[in-house]
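Read through the structure below, which is laid out as structure tokens, and then see the notes.
Only the coordinates and a few stated rules stand behind these numbers; no lab work does. Note that the coordinates shown come from a computational prediction; the quantities given were computed from them, not determined experimentally. All Cβ positions, glycine included, derive from the backbone under ideal geometry; neighbour counts span all protein chains shown.
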Amino acid sequence: MTIPFVRSAAAAALLAFAPGLAAQGPSAPDTTTGPDWRDDPVLTAQQFMTPPDEIAEAALAPRWLNVTLSSPNADRTWFLDEVGDGPVGMDTFSKPQHELGGLFIDFQANRDRRLTIRNNAGIDLISATDGRTVSIDVPDGARVSNAEWSPDGSRVAFFAHFDDATHIYVADAASGDSERITSRPVLATMVTSFEWTAGGSAIATVLVPSDRDPMPSPPAVPMGPQVKVTEEGQNALRTYASLMATPHDEDLLEWHATGQLALVSADGGDVTEVGEPAMIRGLDPSPTGEHVIVTRMVRPFSYVVPVSQFGRVEELWDLDGNVLVTLDETELNTGVRDTGDDDEEAEEGPAERRQLAWRADGAGLTFLQQEPAPAETPDEASDEEEERPNRRMDRVMQWEAPFAEGTETVVYETSTRMQSHQFGSDMTTLFITERQGQNVHQYAVFLDDPETKHTLKRWANDDFYARPGSLLTEGGLGASTVRTSADGTAVFYTGVEYDEDPLTNGPRSFVDRVSIRTGDDERIFEGSNDGEYERVTEVIDPDAGIFIVDRESPTEIEQSYRVEGSTRTQLTENVDYTPDLTAAPVERFVVTRPDGFRFRVSVTLPPGYQQGTRLPAMFWFYPREYDDQESYDEGARTYNKNAFPGFGSRSMEYLVRLGYAVVEPDAPIVGPQGRMNDNYEHDLRNNLAAVIDELDAREIIDRRRLGLGGHSYGAFSTVNAMVHTPFFKAGIAGDGNYNRTLTPMAFQSERRWLWEAKDVYLSMSPFMHANNLTGALLMYHGLQDQNVGTHPSHSPRLFHALNGLNKDAAMYNYPFEDHGPATRETILDLWARWTAWLDLHLKDGEGTSRPVTFDDVDGAN
């Protein structure tokens, strides 16, 4: 079959603009007649397929068995690790669900669908001393999630998810033995976690109400049409994929959301019900277990925005369910633009409480609050604003039970506005961060001498290389506290230093000890950056110099070590499951466009590649917008030349096993702030042209056998490239948007509306230029794509156009998948279709793909 080649006027102009391309001819699909790709059994199969073994093995390599030590217990002697077992199966993914305004509910099990499809097979505890493990006993038939240490670190609580219910289990950390503590199921629809409280003797959670009514049934006969009406004002809504539509949806949401707040004893499971069932969407118990901050969802609901924007009330409850105080009220947000000036009205209300949190010592709540502005008398009022310094005090407040209004006390105050506050672990020292413009001041105040500020660090936030790191903290119940030295005289900063030439010098991890009173600092740990990267993942004992450090290099997978002085004890045995890909040649270089703009390109080549061998190449990209060269260059500041290459289930580098070069170019779209997309088509063409010319000059690619692909905005840009350039013989576009008029009120970094920048929206919509498509396009889309802007209807509409225009295209829509494939079946099927597509269009059908159904694979489920 001859693949049609259409050269647009834009493409012709590009050839004239780029002499290197014009001299060697366009990268158009050749016109050699070959077998009809529509006869390929992989591309036309209507059941799940699998790719070549070398691709399937890489995509499903058990990387989930590798460990990065995190989640330590209270004394940092053990780490907690939830053990995965690979991508979820379609049998679980397709379990019946209710879709309610962006909330997906596994109604059989009374939980958020995410807990059904994103969980783990087991829980291991890993020693911080020698790496030995204790496995937690998981009940038969259960999946697990949300494993959490008790405050003293002696026990672990976790969710056990069964087909029809979720329960809480508590395990002994020493033996791993576990037992169920919930007699009736957890309601995990909106509150998808639990909290230890009362010193570890109880767990706060939401249970299914004991006298729950039956689930509302849909009306047998529709009671009327689905109704939406506009509101007054500019309602600049995003294009949400999932919205409620009927009164039955509203009733169903309220039923799913209404649960019983309860404290469940960690020993024996005795239940203390707190208040009456309510639509609880968040809970935060006090460390003492005597009070709970409860966030309730409230009516009215909406048909134009998702559940996340529904109204809510934040209240402080006692254990009888009495509302002691309403902390905050948020109305339903339907997106209407506020065109009025409410500053004056806001000033008349109560001063805002900022950073509200439980004190770690159990002594009530702590928050920041600026004192109210003084009332002006008529004599003081003036039409002209007088310039005078702002002397309103900003305060750290304490609020203790019974939390009556007006009983707050001032812990500390200052005439400058505070950005954040934290206590030291003994609660006698405050650590304050203030920011004015880009200038940041971090200091300590001893509460017995509040007039004296002890500067720890000052820096300019816009000076990237001057940032000092972050104060080392410790969590637990209540607000996190700053970790101090054993004698209380010093704090610690942890961070990473980046070099101004990251291609030459890799980043370096550090821990600094800083004197609280003098600000003098001392570096107590500095990781290597000489061909490797070491980073501190946990500070066990900064006084004794004991750290958990992860080390990796471009050829060695990350391992965790216990570092004590010069002694290093390896704690993990992680495995590089694709050593051939780790060792594959990678070339990184900078390309210069004809307009002088410089950007980076990475090329991965097959193992054993011989210089000068021209290969078919697959480009994979995701354009981003920048103001200028400087703003683009800032993105390279955190580049880590010593990092181990990270692969996932969809890493395009796997194609080197089939003989492709894999090209990952940056694709900067550059222009004045707010108008970058005026240059979108121009920069897109010239980025790709410059990369192709450079790779051709390096004798890496066969420029007549090029493929291009991307996901989401990368898919959108893939199709744009294929309708505006003649460079690519095959394309792969996943979960994309192809018609910008369907996202008329801004997208990506574009903030102008369609009616303000109509030409930009139309020129950036590949659907409008589908008649100019060159090459063959494969599209895939998840049928439950929830990403705003990439509704699943985009792919069928574009396919319909291409089909009518006699273009070569295929489309694969995957059931139950969201914005990116998640199931084992879909991942393998995509690779099967991708490799078959590329082999046929870039290798003239001489690739290694072969038709194998998913059911033929050992271990398929």
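Show me 227-234, 172-179 ranked by packing, highest mean number of other Cβ atoms within 10 Å first.
172-179, 227-234
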Return the distance in nm (one decimal) between the two label points of a simple spin-label model at residue 602 and residue 163, each offset 7 Å from Cα along Cα→Cβ. 4.3 nm
Just to compare against my own numbers: the Cα pair-distance distribution for segment 127-277, 5 Å bins, whole % per bin, please. 2, 8, 14, 16, 14, 11, 9, 8, 7, 5, 3, 2, 1, 0
In a solvent-free Debye calculation with one equal scatterer on each Cα, what is log10 I(q)/I(0) for segment 551-640 at q = 0.20 Å⁻¹, listed in the order of the q values? -1.10
Considering only Cα-Cα distances, which of the following residue pairs are longer than 29 Å: 228/807; 95/843; 807/843? 228/807; 95/843
Would you list the P(r) distribution for segment 463-575, with all Cα-Cα distances sorted into 5 Å bins from 0 and each bin expressed as a whole %? 2, 11, 19, 22, 19, 15, 9, 3, 1, 0
For segment 104-186, evaluate the Debye formula with one uniform point scatterer on each Cα (no solvent term) and list log10 I(q)/I(0) at q = 0.11, 0.18, 0.22 Å⁻¹, rounded to two decimals. -0.30, -0.73, -1.01
For segment 700-846, how big is Rg over Rh, using alpha carbon atoms and the Kirkwood form of Rh? 0.97
Cross-link reach from residue 457 to aspartates and glutamates, straight Cα distance under 16 Å and at least 8 residues apart if same chain, gives 434, 497, 512, 520, 521, 522
Net +/- balance of residues flanking residue 61 in space, Cβ distance below 14 Å, scoring K and R +1, D and E -1: -3
Using the alpha-carbon centroid of each, what span in Å lies between segment 568-613 and segment 150-229? 45 Å
Please give the peptides 686-698, 826-838 ranked by average Cβ packing (other Cβ atoms within 10 Å per residue), highest first, as a rough proxy for protection. 826-838, 686-698
Quick one: Kirkwood hydrodynamic radius for segment 48-143, alpha-carbon pairs, angstrom, one decimal? 16.2 Å
Dimensionless Rg/Rh of segment 526-603, both radii on Cα and Rh by Kirkwood, sits at 1.17
Going by how many other Cβ atoms sit within 10 Å of their own, how do 706, 252 line up, fewest first? 252, 706
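Given the convex hull of the Cα atoms of segment 655-714, what is a quarter of its surface area in nm²? Mind showing how you got there, number by number?
Working: hull surface 20.4 nm².
Dividing the Cα hull surface by four gives the mean projection, 5.1 nm².
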Hull surface over four for the Cα convex hull of segment 270-313, reported in nm², is 4.0 nm²
Can you compute log10 of I(q)/I(0) for segment 201-266 with the Debye formula, treating each Cα as one identical point scatterer, at q = 0.15, 0.22, 0.23, 0.29 Å⁻¹? -0.75, -1.02, -1.06, -1.27
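Write down the Kirkwood hydrodynamic radius of segment 242-335, to one decimal in angstroms, obtained as one divided by the mean of 1/r over all alpha carbon pairs.
On the way: mean 1/r = 0.0692 Å⁻¹.
In segment 242-335 this quantity evaluates to 14.4 Å.
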Segment 460-495 and segment 621-692: distance between their alpha carbon centers, rounded to Å: 34 Å
Taking only Cα atoms of segment 480-524, the Rg to Rh ratio with Kirkwood Rh works out at 1.13
Cα extents of the chain along the three principal axes, largest first, in whole Å? 84, 74, 72
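In deg cm²/dmol and to the nearest 500, what is the mean residue ellipticity at 222 nm of the chain if only DSSP H runs of at least 4 residues count, each as -39500 (n - 2.57), divided by the residue total?
On the way: 15 runs with 127 residues, N = 861.
For the chain, the value works out to -4000 deg cm²/dmol.
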Over its Cα atoms, what ratio of radius of gyration to 2.2 N^0.38 Å does segment 579-738 give? 1.01
